[in-house]
1. Decide, for the stretch 24-81, between rounded, prolate and oblate: order the square roots of the alpha carbon gyration tensor eigenvalues as a ≥ b ≥ c, take rounded if a/c falls under 1.5, and otherwise choose prolate if a/b is larger than b/c, else oblate.
2. Taking the alpha-carbon distance from K78 and a cut-off under 20 Å, which aspartates and glutamates remain once sequence neighbours fewer than 8 residues away in the same chain are dropped?
3. Can you give the Kirkwood hydrodynamic radius for the chain, in Å, rounded to one decimal and based on Cα pairs?
4. For the pairs K43/K88; K43/K75; K43/K103; K48/K88, note any where the Cα-Cα span goes beyond 22 Å.
5. Only counting other Cβ atoms within 10 Å, I'd like V90, V45 sorted with the fewest neighbours first.
6. If you take the Cα atoms of the stretch 50-109, find Rg, then find the Kirkwood Rh from the mean of 1/r over all pairs, what is Rg/Rh?
Amino acid sequence: MFMQQPQLIELSTTEGRILINPEEILFIESIQRKRVIHTYQEKYVSYKSLEYMESMLNQGYFARTHRSFIVNLKKIEKIVPYCRTSNKIVFYNYDEYAYISKKYGHDLF
C-alpha cells in the first residue's frame, strides 16, 4: 500500500523559489508590502499578494481572518478577546499571534 505524498506548493520568496507543504504553514501575515509565511521551523518572506497566496491554499484548511492574515485552521489552539473589533488567534506551541477581525470572523463561525 502506498502512502499519499503531501501536496507541495511552490512559493517565490526573497530567498528564491521554495516548495512547501501547506500543512506546515501556521499563518501568513501581510506587513507593509511583504508577506511573512510562518512555520514552526522558519519564516519565509514573499512579495506575492495575500489574494494570490489564498488561491494557492486549500480553502478547507485555510481562511482569511483579517485583511492582513490567512490562517491554517488546523493549527489554532484558541481564540481570545483582544479589542472591540478583533480577537487574537493563539497557535499550538508558537509564540506569535494572528488576528481575526469581526468582519472576517462572521464568515468562519
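1. rounded
2. Answer for K78, where 20 Å is the Cα cut-off: E23, E24, E29, D95, E96, D107, listed by chain and number.
3. Numbers: mean 1/r = 0.0693 Å⁻¹.
For the chain, inverting the mean 1/r across all distinct Cα pairs yields 14.4 Å.
4. Details: K43/K88 20 Å; K43/K75 16 Å; K43/K103 27 Å; K48/K88 24 Å.
K43/K103; K48/K88, as the Cα separations exceed 22 Å there.
5. Details: V90 16, V45 12.
The most exposed by this proxy come first: V45, V90.
6. Details: Rg = 11.1 Å, Rh = 11.8 Å.
Value, to two decimals: 0.94.
All of the numbers you see were taken from the coordinates with simple rules; none came from a lab. These numbers come from a predicted model, not from an experiment. Don't worry about glycine lacking a Cβ; one is built from the backbone with ideal geometry, like all the others, and counts go over all protein chains shown.
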